[in-house]
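For reference, the structure is listed below as structure tokens.
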Amino acid sequence: MTQQTMGETHRPGRIEVVCGSMFSGKTEELIRRLKRAKFARQRVEIFKPSLDIRYSDHDVVSHDQNSITSTPIDSSSSILLLTSDIDVVGIDEAQFFDDGLVSVCNDLANRGVRVIVAGLDMDFKGVPFGPMPALCAIADEVTKVHAICVKCGALAYVSHRLVKNDKRVLLGETQEYEPLCRECYKKALENEKKDT
């Protein structure tokens, strides 16, 4: 078989990670890639954490209200049980999954599945979030997308939490979070210290 035609019949597995702050278009990019795979008549399965019910109990929905049907799950190990005979697996809000997600993604890619993962790379304190750092390390491709800082218009660095709550996982939207660049984030933290 020639190199030119080999790509038509054999799709090597791979892991693609789309990461960034809130409001950066991660889910939008995930949906775009998955819809293209469906258009190409590939067998696609999409998963999201069952705790994410902001827009829909079942669908993956972007902030722009673009959506795609998904399967909500509680544990990353469920993905392996639900992906036989699948070409492409999409995983949204990966930061909310357990660390087992890394080996699940590796296992799928080693079986020849294209795995597309979207998630926050950092929490509201600027700390790497859940399995995302390890997923970025093992990924074949990492796409970092950026929101725009709501204070100065620069590229956003982090999702700044606007409400007083120290829980690491707090589902929210524009009332609870805003994207800020590194400089504006530093200023916001300084102002919060002054106010306490």
Exercise for the section: In debye, nearest 20, what is the charge dipole magnitude of the range 65-178 about its Cα centre with +1 on Lys and Arg Cβ and -1 on Asp and Glu Cβ, if you could check? Expected result: 420
Handout entry: Ranked by how many other beta carbons lie within 10 Å on average, peptides 110-118, 84-92, 159-167 from highest
Key = 110-118, 84-92, 159-167
Handout entry: Theoretical gain in end-to-end length, residue 50 to residue 14 [0.36 nm per residue, Cα-Cα removed]
Key = 10.5 nm
Fill in the blank from the handout: Contour minus Cα-Cα span, residue 28 to residue 127, at 0.36 nm per residue, comes to 33.3 nm
Practice task
With the full set of protein chains in place, find how many percent of the accessible area of the range 99-139 is carbon and sulfur; take the probe as 1.4 Å.
Solution key: 54
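The values are calculated or read from the model by the stated rules, or taken from the named source; none is laboratory data. All values reported here derive from a predicted model rather than from experimental measurement. Ideal geometry is used to build each Cβ from the backbone, glycine not excepted, and the neighbour counts take in all protein chains shown. SASA here: full protein model, heavy atoms, side chains in, ligands and nucleic acids out. Shrake-Rupley method; radii C 1.70, N 1.55, O 1.52, S 1.80 Å.
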